Each structure stands twice: as structure tokens, then as C-alpha cells.
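Contents: one structure, followed by commentary.
The values are calculated or read from the model by the stated rules, or taken from the named source; none is laboratory data. Quick caveat, the model's predicted, so the values are computed rather than measured. No Cβ is skipped: glycine too gets one built from the backbone with ideal geometry, and neighbour counts run over all protein chains shown.
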Amino acid sequence: MKTLTLRSGTRMPALGLGTWKSDADEVYRAVRSAIEVGYRHIDCAAIYQNEEEVGRAIGDALRARDASREELWITSKLWNDSHAPEHVQLALEASLRKLQLDYLDLYLIHWPVALRHGVALPTGPDDFIPLSELPLESTWKAMLKASELNLAREVGVSNFSKRMIEKVSDTTGQTPAVNQVELHPYLQQDALLAACHQLGVAVTAYSPLGSPDSAAMLRRRDDVLLTGHPAIEQVAERHGATTGQVLIAWALARGTSVIPKSVNPGRIAENWAARDLDLTPADMTAIAALDRHDRKVEGKFWFLGETYSHKTLWDE
């Protein structure tokens, strides 16, 4: 099994199962299928609203001895309404209860965006808290404290820019273990990837297939899907693989971990087989040419007032 070695020396399985957009009535079977096939990395989040079903699947898999707890890598994320230091540990403990676990392997700040406590999704400007009022550094300090209490083996961030990582690191002297960001051939983020490598921050790629199933939810119109792009299809044909497998293998070849989502047992097994696909330098060059800085998860749902914007969220 391919792994990424974190700065602490801890090894994180490189290929995991994503659970974003997995309905509660489907995610149980998806997690059970994934563990049976060989996955040991399951990516979760409080806002996905399916942690109880994921936890039931993990518990049943452990009781069936499909895997041991020590073999599993379970990630969850702090939602935006719990950034205040007094709420961080409570939110983590709530996820642990739902997941039926004593500890997480990785806990991430989900977004560099703060919401009023109790607000799941904002409906207007008053639902936000400016980072000048509730800075990321205070949230990060609380994350570190939770790790010291052995509630999470590692703590990190998600959707953070280089500047944001440096800011929380400089304040505390402790750098996030992982930064989980959108990464695929249409959004390759080479500069951020290089910066994270330099800072000793491992990177996890979400939406590695270009997130085609989020288009309707995010009111997005895609032209050419990554899984149907001629260049990806040509690489797949040369290797006798699927386009999805090519995209997962590309993420692994770049030294990132990757968390494709599926609730289809056949597709879950197909994605798992991508770890054995070795792309050639020519394949990597052809795929590199597809970069067009096309975010599929743009974060527009945070731009309801003057508190957050494309520039402040992404530092671009």
C-alpha cells in the first residue's frame, strides 16, 4: 500500500475513499465495500451529515475483522461554525461519537472561513465572522490542544493557501501536517504543491476526477469533463485502464494522497486498482498540458457579503 510519510514520521495511506456527497443510505455500504477491497483511509467531515453511517460501517468492519483500528486512517474536519477555541474540542468529540471512535488519525480545519456558531450554511452577511475577529491562529491553537489530548493523532488544514499556512505556523511554531485542497489536471496548483513540500506539509487531493457530480449542486456548467477529455482517454487506452484510474494514478504520481468518492462497489474496486497503474513521463507531460486553473469548488457560497471574496479566500 502506498503511503505518505508525514513530518512526524506517521504514515498516511495515499489512496482513500471520499464521502462528500455520499447519501446516508449509501455511504454505509460504500465504506464497508472499500475496507473489504483494501482501502484503509476514509475521509469524512461533520458537514457531510453522514458520519453516523460511516461510523456504523467502520464499527461493523472492525467487528468483522476486515481491518484493525491501527490499520485504518480516519480523517474528519472542523466545520466553520466551530472555529472559536471553546468550540473546537466539542466539535471534534461530536465527530468521534458519530464515528464510534476514541481518536481520529487526522483532524482538519475544513475552510479558512468562520461562521456564527450554529450556522451550518450562510444565508447572508450576518452569518459570517471576519477573520480579524476570529483569526485562524486561534482556531489552530485549539486544534493543537486537541491533538495534545490525544483526540487526533495529527491535525491539519483544508483549502488553505501558502500564506494562510505560514501565518498559523509562524504564530504557533507548529505547521499543519496536511493541507487538503482541490487538485486535478484542470487545477494542478503546482506553486501551492511546491510550497507545501517546502514547508513539510503533505497534500491530499480532493475532487481528483474534476467533481462532475457537484455541478448541479454548485450551479456549475462544465464543458469537457476530465473523465471524457481526449488526452486522458488516450492515456487510458494506452494502459488498458479507465480514465478515472488515470486521474487517480496521476495524483499519486505527484506525491499527493487522493480521496476519490464513490458509492458504487464496482467503481470503488476499480479506483483501488489505480494504485498499480504507473504513468510514463510522456503521460505526465501530456496531462500537465491540461492545466487551466479551473476550480470546480470555487467557494462562491462564501461570497455573500464583504467578509470573504475570491481574493481573500484563495489569495489570488
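Considering only residues of region 41-79 that are among the polar types (S, T, N, Q) and touching a helix residue (DSSP H, G or I) at 6+ places or on another chain (Cβ under 8 Å), which is surrounded by the fewest Cβ atoms within 10 Å (Cβ to Cβ)? So the residue we want is Ser68.
Checking each residue in region 73-110 for being touching a strand residue (DSSP E or B) at 6+ places or on another chain (Cβ under 7 Å) and either assigned to a loop (DSSP other than H, G, I, E, B) or not hydrophobic (A, V, I, L, M, F, W, C) (or both) picks out Thr75, Ser76, Lys77, Asn80, Asp81, His83, Ser95, Leu101, Tyr103, Asp105, Tyr107, His110. Among the residues examined, Glu133 does not qualify as surrounded by fewer than 21 Cβ atoms within 10 Å (Cβ to Cβ) and either touching a Pro at 6+ places or on another chain (Cβ under 6 Å) or in a helix (DSSP H, G or I) (or both). Only residues that are under 28 Å from Tyr28 (Cα atoms) and either part of a helix (DSSP H, G or I) or aliphatic (A, V, I, L, M) (or both) were counted across region 251-272, and they come to 13.
With respect to the conditions (1) surrounded by fewer than 16 Cβ atoms within 10 Å (Cβ to Cβ); (2) at pLDDT below 95; (3) in a loop (DSSP other than H, G, I, E, B), Phe301 falls short on a single one, namely (3). Any residue at all in region 2-25 that's of a type in the set (Ser, Thr, Tyr), in a helix (DSSP H, G or I), over 15 Å from Val178 (Cα atoms) and out of contact with any Leu (no Cβ under 9 Å at 6 or more places or on another chain)? No: region 2-25 contains no residue that is of a type in the set (Ser, Thr, Tyr), in a helix (DSSP H, G or I), over 15 Å from Val178 (Cα atoms) and out of contact with any Leu (no Cβ under 9 Å at 6 or more places or on another chain). Being at pLDDT 95 or above, charged (D, E, K, R), assigned to a helix (DSSP H, G or I) and more than 30 Å from Ile129 (Cβ to Cβ) holds for only one residue in Arg292, Arg275, and it is Arg275.
Would you say Tyr107 is over 27 Å from Leu144 (Cα atoms), crowded, with 17+ Cβ neighbours inside 10 Å, of a type in the set (Ser, Thr, Tyr) and in contact (Cβ under 8 Å) with a residue 12 or more places away in the chain?
Working: over 27 Å from Leu144 (Cα atoms): no; crowded, with 17+ Cβ neighbours inside 10 Å: yes; of a type in the set (Ser, Thr, Tyr): yes; in contact (Cβ under 8 Å) with a residue 12 or more places away in the chain: yes.
No, not satisfied.
With the structure loaded, tell me whether Glu154 is within 16 Å of the chain's Cα centre (by Cα), surrounded by 21 or more Cβ atoms within 10 Å (Cβ to Cβ), at pLDDT 95 or above and more than 28 Å from Val246 (Cβ to Cβ) or whether it fails that test.
Working: within 16 Å of the chain's Cα centre (by Cα): yes; surrounded by 21 or more Cβ atoms within 10 Å (Cβ to Cβ): yes; at pLDDT 95 or above: yes; more than 28 Å from Val246 (Cβ to Cβ): yes.
In short, yes.
If the condition is being closer than 21 Å to Arg97 by Cβ and within 15 Å of the chain's Cα centre (by Cα), then region 18-40 contributes Thr19, Trp20, Ser22. If you go through region 190-199 one residue at a time, do you hit one that is modelled with pLDDT of 95 or more, of a type in the set (Asp, Glu), within 18 Å of the chain's Cα centre (by Cα) and surrounded by fewer than 19 Cβ atoms within 10 Å (Cβ to Cβ)? Taking every residue of region 190-199 in turn, at least one turns out to be modelled with pLDDT of 95 or more, of a type in the set (Asp, Glu), within 18 Å of the chain's Cα centre (by Cα) and surrounded by fewer than 19 Cβ atoms within 10 Å (Cβ to Cβ).
Look through Thr175, Thr171 and report the one residue that is touching a Gly at 6+ places or on another chain (Cβ under 9 Å), of a type in the set (Ser, Thr, Tyr), under 25 Å from Ser8 (Cβ atoms) and surrounded by fewer than 22 Cβ atoms within 10 Å (Cβ to Cβ).
Working: Thr171 fails: touching a Gly at 6+ places or on another chain (Cβ under 9 Å).
Every option except Thr175 fails the conditions.
Hey, can you tell me all the residues within region 200-225 that are of a type in the set (Gly, Ala, Ser), outside any loop (DSSP other than H, G, I, E, B) and within 14 Å of the chain's Cα centre (by Cα)? Walk me through it before giving the result.
Our first condition is that a residue be of a type in the set (Gly, Ala, Ser); within region 200-225, this holds for 200, 202, 205, 207, 210-211, 214-216.
Next, only the ones that are outside any loop (DSSP other than H, G, I, E, B) stay: 202, 205, 214.
Once the filter is applied, which keeps residues that are of a type in the set (Gly, Ala, Ser), outside any loop (DSSP other than H, G, I, E, B) and within 14 Å of the chain's Cα centre (by Cα), region 200-225 yields Ala202, Ala205.
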